Structure formats: structure tokens, C-alpha cells
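Here, each number is a calculation from the coordinates, and none is a lab measurement. It should be emphasised that the depicted structure is a prediction, and the values quoted were computed from it without experimental measurement. Note that each Cβ is placed from the backbone with ideal geometry, even for glycine, and that neighbours are counted across all protein chains shown.
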Amino acid sequence: MKRSHLILLAVGIVLALALPRILYSALALRIISWALFAVSVDLLLGYGGMLSFGHAAFWGGGGYAAALLAKTFQLPFPIAVLGGTIVAMALAAPIGYLAIRRRGIYFAMVTLAFAQMLFYLVNEWRDVTGGENGVQAVPKLLLPGLSVSRTADFYYAALPLVVVGFLLAYRIVHSPFGHVLVSIRENESRAQALGYATWRYKLVAFVLSGGLAGLAGSVFAIGNSFASLDLLHWTTSGSVVLMTVLGGMGTLWGSAVGAAIVLLLEDQLSSFTDASGVVTGAILVAIVIFFRRGLWPTLSDLVRRTASSPGGA
Amino acid sequence: MKRVLALTMLFVLVATACGAAAPGGGGTAPQVKLTDGKLVLAVLNDQSLVYADLSGKNAVEAVKMAVEDFKAKYGENALGGPVEVITADHQNKPDLASSKAQEFYERNNADAIFDVPTSSAALAVAKVAGDQKRIYMNITAATTDLTGANCNKYTFHYAYDTYMLAAGTGKWATENLGKQWYIIYPNYAFGQDMEKSFRGAVEKNGGKVIQSDGSPFPNTTGDFSQLLLKAAQLKPQVLGAMQAGGDLVNVVKQYNEFKLKDQNIKLAIGLLFDTDITALGADAFAGVVYTTPWVWSMDDQSRQFADKFLKRTGIRPTFAHAGNYSAAWQYMEAIRRAGSDDADAVVKQLEGYKFSDFFIRNGLVRPEDHWVQHDALLAQVKPSSEAKEKFDYSKVLATIPAETASRPLADAGCKMPK
Amino acid sequence: MDLGYLSVLLFNGLVNGAFYALLSLGLAIIFGVMRVVNFAHGAFYMLGAFAAYLLLQQAGIPFWPALLIAPLAVGLGGAVCERLLLRRLYTLDPLYSFLLTFGLTIFIQDAMRLRFGIQGQPYPLPGELASSVSLGLVSYPAYRLFVIAFSLAVCVAVWYVIERTRLGMVVRAATERTELTRALGIDVDRWITGVFAFGIALAALAGVLAAPMRNVSPLMGSELIILTFAVVVIGGLGSIAGAVAAGFLAGLLASVGAIFDPAIENVIVFALMAVILLVRPAGLFGSQEAA
């Protein structure tokens, strides 16, 4: 890991540790879960060039699986989260296998279609999923018999899992695998000509990304004590893409920052105005028109420029 | 009809008399000690999506009105300190609702949360209330799970639930409109609940549900003609429509378009808000019978509230607005009786409490499951020619006694945690 | 089940198909020429219905003139959006215009909700078509028959313009061989604003047609747009005939599927879309190159 990245990581972890004190713990939990979710989308979009408009399937699929595991078997949450992650990857494998045969906007549409089907399926299968009411009253156990029901406690108990997820994403994009992925994004035929079985790389990236989304969704669902249909709705897929683009695609850190900003905004708007849609919509339009590289690249450019010109202009 | 009116008048008289004679009414206020020096009421509801009109911002206004009126009645210091009303828009997202509820309780020191439409959001908030040991009074969510499998010591269910709606309309329509039913319901928790409750009510009264079908959720096209055509095919005497809000408006619009009324298929509606009638015009609904906890024009007492509400918001209150006012009022009354806003003390005062106000008649807070039982009304939509003024949509046909309108305790399945 | 019921079901499928067809036709034209996946299409559909409502409420203008005026007005609004916003994004990844129209949708819906509330506004059936027509076995609402006939006529007219006129030639060329068309010196950009406005006007037209049948509410297009995407993909993104055919096909399939389970409607269209994308990626009518 580069030194600058280590510093960033340290700053990030300190910030994450302080977050429940700066904000309130439920919001802090939302932020770290969505941040990891946005990172999983960035892994696919920013590095693999694949826009998934159906990532809610893995976030929600993982969330439902983890909630059901924790509730039915009274499992400690780290195990339930692991289960949710595995289920999300199991969902991502066939969906990814089919979706990566298409590119661009078609890829987005295929992922959307599968996510929608999962949404309807979960709604229909209400004996297990509770339909629109969702899976309610999910216990938050750290060890069998030891509950971390206060959100603040759960936050610190779950933070290591999220950090591990983030480090995994970091590891993936900075590995040889990640470099091949980027070269596929840049020019797939060239990568093929160089002898890479590109579809295999894309599939693995898709499954890994789905797994991270599932990990994030599992933490989110258990932290909330419920999983509901909202997790799987297409607007969830839309929101997470928005976070990634706002933060800056292909930066990982940026997606996390984007998630934090969108959630803080949502939190504030919900308390102070009933016109949240007007504001959110206008901001999104403005970002795309004036600011489309995203926050992180713009900021890091600024930092770099100030750093390289001491005493600067 | 006359007898109902007379009875209602009697209630009003008795209620007013009781109110006046009640100890602590008026001047000599008992000392209330607030745990943190102030009382914070939080209204958490949908202010930007499907429930924004029928509850939303105006439900917040209703709670504010309750606070002002309470102070006007008992004096500025009636509750031993300042009273604050805070609010947030949960956009019908259960996770946002859960997060906001935690913020309210933890950061804003809210003493009670009110309203919370959408069953999934209400269940999430109930869980938070139980964990944090603070009070939550549900008004606009209809699920009986709040007083059933997911009940807890700090959650109260005010105004209405799916059982009440079915008990009133299901019985009346089976006796008066016909025994053969075809039920259509939106295929999500509320609709499934309603279907079950109505089926039970119809069968209990000697009717038969020939068939029932779920409509797609979410309904992307707003088209219900498949189901309405199936109704024309099955030729039931009664078509029971359990859709709510915009979906219901579509069902009724298309019911009229396909002229099912002319084919002698009568329409029974599960849940009807005044705002639905505004959307389509009273004539589209004329003659429809439905169950409701309250109609603004039902008597003088209610009308008084409705007049004040109209002046403030420009519309007549729906029962959700009135319910929020009443729930906030009764909550503050309980604080006065308890002499404290401590949640456990207030719960103790609420449990088993019998009361009536402009919204609740023959009220009883059931200690076993925290359902606030009260009389429900059977109402009928009038044609617009009979309306005396704007928003004058319905007349009351009958009162459904509180016991009949409430799910029997044995069926609730609530194991109240101590 | 008798023959009458079945035929009525088919008519219903055609009515729903008519809406899908009009909406996906507009989407397909916009995508074809501009490579923009217009998320705001459902919002413009809603604006069309509201335009009809306002014309009636504020100016007393009834359904028939509204059928012309509302699409023109909303189409004009579309042209403004194109000039002010979308124009800046053509050289970029289509992702950006997709996100822009996503933001636009949220904005428009919420602004309309602030002004008109959520519950919906009444809009009557046009008096001339309020009756039912006997079709031998069954009777069917006259207005619905009109919707089928009218939208079919519009689709055929649009197809004619695109297949048989010079305007259409440019559009077609730009759709199928964008780079080549530019290389031949045809100024595609000049046509773009008009094409976008036209696609939007089609959505608004669908909205006006919907007003007498469906709740006129700010959210009326919000779920519909996702389904329409599926329809366009089934027909082949950018294929005119495909959009229309897939629209009616989806309507009919959902209608017939409802015999078995009314709740199945949503799933059928998405399942069909997944199958089409895997078996015939360019869509039913799309050219293979586009995929």
C-alpha cells in the first residue's frame, strides 16, 4: 500500500470511529453501510466500466438472507453477515454470467430486469419474507446470548466487517486482476488480443462486487433490525449509482464520500423541508452538468496542486 | 338514523359533562415534572409521497394545534415546561423511518413519536420505541401486527386497523348488498391483511367469497381492468376493493368506465380517505359504503375541530389528521395524570384508560395489546348534489360498537413484554 | 372461460399495449438519434396528463383540442430541456445523460407534487365516448376502443414519416449508422432538438390519453417508465417498428398472463426482456450491430 493511501486509510478509520459522536449512531451506520455498497458499485463501474442498474438485488438479497439467518437460527451477526454475503455472491454468479454478455446500456437493462424480478419474487414469497412488511424484529447478537441492541454498540461491532470489505475492494483494484479489469474497460478487444479471457475477469469482478454489496446490505439490515422490500427497489439501485458518480468513479474513496454526502443531505432535507425531491433532483442535474468528474478527483487535484506549488498562487 | 344522531348527541353531552367535572380540569393544575425540562412530540410521516395528502404536513399541524389548545385549556405551564413539536419526512422508507426515530429519541430527546404511515415503517419504529423504552403512537399505519406479533409495551395503535375496516363494511355489505363476493386487493402486506380480514367478516355473516385476486404491486400501469373484467365474468353481488389511495382511485374510475354498477355488481371499499374522494369527485363514489373511525361533519364537536383545521390549513381534516390531534391530546392528558413524562409512568396511565373525545367515542386503551378500541362509523358517500359545502362528502349510516370494531384479544396473539 | 371474456381480455391487452407503444416509440426515437436513454419519459407522460387537466380546469378546453395542444406544449418543454441541459452531454458516455434525466425526473415529480398534491386530479371521459360499444359477444367501453385505434394510427403515421420522407431518412440514417451519416456531411445535430421534442410529445400524448382512464397524479409515470424500458429493450433499442410491436406484444402477454395470476403482469415483461436479451440481444427488430 502506498504511503499516501495508508494515511488516507488511517484518516478514514479515525473518521469512521468518531462518526457516531459527530452525527447520531443510526445515521453513522447508514453511512458506513451505503459507503461500502457504493464502493462495490464503483469496483464494477469505475474499474470494470460496467454500469449495474440492479445492484439492489445483491444489497437486498444479502440483507434478506442475513436477516432471516439471524432471526430463524438466532445466529450471531458476523455469521449471519457472512451468510448474507455468500447468498449475494450466489445470486451474482448466474446474473453476472448472463449480464456480462451485453455491454453499455444493455448491461444496465439486464441487471435492472433481474433485480426487478427478485423484487417481485420476494414480495410474492411472503411466507418467508413477510412481503411488504419485511422480516421484522431481527436480533443483533454478537455472540450467542450476547446482544448488541443499542445502535451505537452495534456500529462499533460491525465496523471491522465494513473495513475488511473496503480493504478487499482496495486489494482487488490494486492487484494484477484489477489492472486487467481496467484494461478491459479501456479496450476490450485489445485485452482479448493480449490473450485474456475477458469474460472471466468480468464475471469474477461482478461476483466480487455483488458479494461486497451483500456484505454491506447484511450489516445494514441487521443494524436496522429488519429487512424490507425497499432494499430491493430500483430506486435503491439508482441512489447508489448516484453516490458513486457524485463521489467520482474509479476512486473507491470517492464513492464512500459520495455516499456520506447523499445520506447527510437526505437526513437534513427530511427534517427541514418537504421538497426534498426538488432539491435532490436539482443537485443531481447540476452535478452532471457542471461537476461530472465527481468530488474526489476534483478535490485531490486541488490538494495536489497546492502541494506541488508551495506558497502557491 | 335518528337514533344514532340522538345517541351521538348524548355522548357529546356526557363527554362534555365528564370533561368539565374531571379533577384537574381547568385552574388547579397538578404539578407535572418533566424528566429533561421539556416535552418533545415528534411527528414522523410521509410528506412527499403517496400519504403526503391524507396525513403529511397537515398531521404535523394537527399535533401543533393540539399542543396550543391544550395550553389554552390548562394554562401555559400545563405540562411543567415548554412543549416542542418536531417532524421529519420518512418518504415511506422503513430504514429512514428507523434511523429518524432513533435520532428523535436519542438526540432530540423526543418523548413520543406520532403517526408513521406505511406498515413496514411503523413496525420498524415500534421496534425502536421498544428498544429505547419511549412512546410511539401509531395513527396512519393499518397493520394489526403492531398489536399482534410485534406488540410492545411502548407502542400504541390509535384510530383504525384492518380488522376495524373489515368488521364494519364486511358485515354491513354482506347483509345489505349481497352474499356473493369477489375481492380484489393490492398484493402487499396491507392488501393481504385486508383480504384476510374481509374474507373472515363476510363468511362470519353468512356470505361467500367466490374468488379473490391480488393486483400487481407496485401497479406500474394504473390499470385494473383485468380484475374488473373478471368481476363482470364472475358476476358477484359485491365487488370488494381493498386498494388504497391512488390505486383505489384507479379502481373506481375503471369500475365506472366498465359500468359494473349497471350489471348489478355493487362496490364495497375497504379503506377510503376524503382525499380519495377529492381526487375523483364525489359522484364517482356516490352510494359507496365504507368504514371509518371518524367523519368531520358527524357532529358539532367534530365540526368545531374541522372548522379550526380548515382555517389553518385550507382543507377539511381526514381522520388521520383528527387522529393525530386526538392522540397527542390524550398523550398529554396522560402526562398530567402521571405528573411526569417518564415513559413507564405514562404507559401506566394509558393502559386501561377509558375516555371519549371529539375523535374517539367509548375509548379504551386495552392493556393487553395497546389497541385503542373505540366506536367506528359506517359511512356512505353522498352524490355531490347533496353536499352542503366543499369537502362535505359523507353521511354516517350507523355506529359500530367499539367491541365489534376491535379484534378479539384472543386473536391478537400479542405477548406483551413487561 | 368463454370467448367473450377472452376477447375482452385481448382488447385490454391492446389498450395497455397502446400506451407502451406510444411511450416506447418516443424512447426509441430519442435513443436512436441521440443515444440518450431518457429516464424522464415517464415524467413527461405525467406532464401530458396534467396539461390536459389544466387546460380543462383553467381554460375550459375539452379533451379533443387538448389532444393536440398538450403534446405541443410539453414537447416545447422537452425542447427547452434539450437545449439547456442535454446538449452539453452528447460527446460523453450515455451514462451521464441517463443520470441527468434521472435527476430531472425526481425534480419534475416533486415540483408537481408540491403544486398539486399527491392524491390526483379528476378528469372526465369525453362525452362522445362515454358509452359502451357492442361488439357482438360483449360490450366494451368506446373510449378504450378509441385509444387502441388512435394510437395505432399515430404509430403508423410515425412509421410512415420515418420510412417514406426525407426527414425520416435522416432520422433513420442517424439511428442506424450515426457515424456514417455524419461523415456524409448530414448535419444530424440540426435535427436533434426537434427529434427530442417529438419523442417527448409522444409521451405527453399518451398522458392525455391516460387522463380519462387513470389517476392524474404526479407519480403516475414513476413505475411505468421502468416497465417501458423493458419494452424498448424487447423491441430493440432504437428500432421504431420494434418499439411498437413490442409495446403491443407486452400488453397482450401481460393481459393473457393475468388469466392465471393477475399479479404476474410485472414479472412477465421483465422475464421476456431477460430472455430476449440473451437469445436475441439486439431485440426483436433491432439490427445486430447496435448491440
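Observations
- Checking B:ASN187 against (1) within 12 Å of another protein chain (Cβ to nearest Cβ); (2) over 25 Å from the mean Cα position of the chain (by Cα), the condition it does not meet: (2)
- Cβ-Cβ under 7 Å pairs, at least 6 apart or on other chains, the range C:210-230 side more than 9 Å from chain B (Cβ to nearest Cβ) and buried (at least 24 other Cβ atoms within 10 Å of the Cβ), far side β-branched (Val, Ile, Thr) and assigned to a loop (DSSP other than H, G, I, E, B): C:PRO218/C:ILE118
- Only one of the numbered conditions (1) assigned to a helix (DSSP H, G or I); (2) closer than 26 Å to A:LYS202 by Cβ is not met by A:PHE53, and that is (1).
- Selection from the range C:78-104 of residues that are within 19 Å of the chain's Cα centre (by Cα), more than 7 Å from chain A (Cβ to nearest Cβ) and not small (Gly, Ala, Ser): C:CYS81, C:GLU82, C:PHE98, C:THR101
- Residue among C:LEU125, C:LEU100, C:LEU114, C:LEU95 that alone is in contact (Cβ under 8 Å) with a residue 24 or more places away in the chain and not small (Gly, Ala, Ser): C:LEU125
- Each residue in the range B:79-115 was checked for being among the small types (Gly, Ala, Ser) and more than 20 Å from A:ASP274 (Cα to Cα), and 4 of them qualify.
- Test: residue in the range B:34-55 that is over 20 Å from B:THR144 (Cα atoms), of a type in the set (Val, Ile, Thr) and under 18 Å from the mean Cα position of the chain (by Cα): yes
- Filter result (touching a helix residue (DSSP H, G or I) at 6+ places or on another chain (Cβ under 7 Å) and crowded, with 23+ Cβ neighbours inside 10 Å) within the range C:84-101: C:LEU86, C:SER97, C:LEU99, C:LEU100
- Complete set of residues in the range B:212-226 that are in contact with a strand residue (DSSP E or B) (Cβ under 8 Å, 6 or more places away or on another chain) and crowded, with 23+ Cβ neighbours inside 10 Å: B:SER215, B:PHE217, B:PHE224
- Qualifying position, being under 30 Å from B:PHE156 (Cβ atoms), among the hydrophobic types (A, V, I, L, M, F, W, C) and surrounded by fewer than 19 Cβ atoms within 10 Å (Cβ to Cβ), among B:ALA410, B:ALA405, B:ALA379: B:ALA410
- Among the residues making up the range B:90-127, a single one is of a type outside the set (Phe, Trp, Tyr), in a helix (DSSP H, G or I), farther than 21 Å from A:THR236 by Cβ and more than 7 Å from chain A (Cβ to nearest Cβ): B:ALA126.
- Single residue of A:LEU75, A:LEU43, A:LEU69 found to be assigned to a loop (DSSP other than H, G, I, E, B), away from chain C (no Cβ under 14 Å) and not polar (S, T, N, Q): A:LEU75
- Failed item, numbered, when B:LEU54 is tested on (1) farther than 28 Å from B:GLY339 by Cβ; (2) more than 14 Å from chain A (Cβ to nearest Cβ); (3) in a helix (DSSP H, G or I): (3)
- Entry remark, the range B:200-229: residues being within 9 Å of chain C (Cβ to nearest Cβ) and either among the aliphatic types (A, V, I, L, M) or part of a strand (DSSP E or B) (or both) number 5 in total.
- Number of residues in the range B:289-308 that are surrounded by 22 or more Cβ atoms within 10 Å (Cβ to Cβ), touching a residue at least 60 places away in the same chain (Cβ under 8 Å) and more than 12 Å from the chain's Cα centre (by Cα): the value is 4.
- Qualifying residue in the range B:356-364 (condition: out of contact with any Ser or Thr (no Cβ under 7 Å at 6 or more places or on another chain), surrounded by 15 or more Cβ atoms within 10 Å (Cβ to Cβ) and either among the hydroxyl-bearing types (Ser, Thr, Tyr) or farther than 29 Å from B:ALA173 by Cα (or both)): yes
- Unmet requirement for C:ALA52, which otherwise passes all of (1) among the small types (Gly, Ala, Ser); (2) under 30 Å from B:LYS259 (Cβ atoms); (3) within 14 Å of another protein chain (Cβ to nearest Cβ); (4) out of contact with any Asp or Glu (no Cβ under 8 Å at 6 or more places or on another chain): (3)
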